[in-house]
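Engineer: Here you go, one structure.
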Amino acid sequence: MGLAHGCVSFALADFGMGYALKIVIRPEEWCTSQEVQIHLLRPLRRTRHRCRSQVVDISGDHARVRAEVVNRGGQAVA
């Protein structure tokens, strides 16, 4: 069909958010996803996609991280 399942966008976003957080915490600390919410905005077609992630807030043992999966044209897909 030329489309990818929504879990591909989810996995890309989850990995991107984990990586963004891991580079700002201490090496001996670790992170895991506690809650993840995704909004699928467009079909994920056969092309390159990129995940842009940023740490929004770190408070105690919790962090908020935001990710956006974009297609080659820079349009958000998730």
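Engineer: When the stretch 3-55 is examined, which residues are found to be of a type in the set (Phe, Trp, Tyr) and either under 20 Å from Gln75 (Cβ atoms) or in contact with a Cys (Cβ under 8 Å, 6 or more places away or on another chain) (or both)?
Structural biologist: Result: Phe10, Phe15.
Engineer: Also, quick follow-up: Looking only at the stretch 67-78, how many residues end up being small (Gly, Ala, Ser), in a loop (DSSP other than H, G, I, E, B) and surrounded by 13 or more Cβ atoms within 10 Å (Cβ to Cβ)?
Structural biologist: Summing the residues that are small (Gly, Ala, Ser), in a loop (DSSP other than H, G, I, E, B) and surrounded by 13 or more Cβ atoms within 10 Å (Cβ to Cβ) in the stretch 67-78 gives 1.
Engineer: Can you name the residue in the stretch 1-42 that is among the charged types (D, E, K, R) and outside any loop (DSSP other than H, G, I, E, B) and is also least open to solvent (accessible area, probe 1.4 Å) among such residues?
Structural biologist: Among them, the one singled out is Asp14.
Engineer: Kindly indicate the residue of the stretch 40-71 that is out of contact with any Asp or Glu (no Cβ under 9 Å at 6 or more places or on another chain) and small (Gly, Ala, Ser) and also nearest to Met17 (Cα to Cα) among those meeting that condition.
Structural biologist: Ser59
Engineer: Of the residues that sit in the stretch 56-66 and are among the small types (Gly, Ala, Ser) and not in a loop (DSSP other than H, G, I, E, B), which one is surrounded by the fewest Cβ atoms within 10 Å (Cβ to Cβ)?
Structural biologist: Looking at the filtered set, the residue picked out is Ser59.
Engineer: Determine which single condition Arg46 fails, assuming it passes every other condition in (1) more than 14 Å from the chain's Cα centre (by Cα); (2) of a type in the set (Lys, Arg); (3) modelled with pLDDT of 85 or more.
Structural biologist: Among (1) more than 14 Å from the chain's Cα centre (by Cα); (2) of a type in the set (Lys, Arg); (3) modelled with pLDDT of 85 or more, the lone unmet condition for Arg46 is (3).
Engineer: Condition test on Ser53, is it modelled with pLDDT under 95, open to solvent by less than 50 Å² (accessible area, probe 1.4 Å) and outside any loop (DSSP other than H, G, I, E, B)?
Structural biologist: Judged against the criteria, Ser53 is not a match.
Engineer: Any residue in the stretch 37-52 that's over 12 Å from Val70 (Cβ atoms): show its pairings with residues that are part of a loop (DSSP other than H, G, I, E, B) and open to solvent by less than 60 Å² (accessible area, probe 1.4 Å) at Cβ separation under 8 Å, as long as the two are six or more apart or on different chains.
Structural biologist: Between residues of the stretch 37-52 that are over 12 Å from Val70 (Cβ atoms) and residues that are part of a loop (DSSP other than H, G, I, E, B) and open to solvent by less than 60 Å² (accessible area, probe 1.4 Å), the close pairs are Ile38/Ala78; His39/Ala78; Leu40/Val77; Leu40/Ala78; Pro43/Val77; Arg45/Gly2; Arg46/Gly2.
The values are calculated or read from the model by the stated rules, or taken from the named source; none is laboratory data. Since this is a predicted model, take the numbers as computed values, not measurements. Note: ideal-geometry Cβ built from the backbone for every residue, glycine included; neighbour counts use all protein chains shown. Each accessible area value is taken on the protein alone, full model and side chains, heavy atoms only, with ligands, DNA and RNA left out. Shrake-Rupley method; radii C 1.70, N 1.55, O 1.52, S 1.80 Å.
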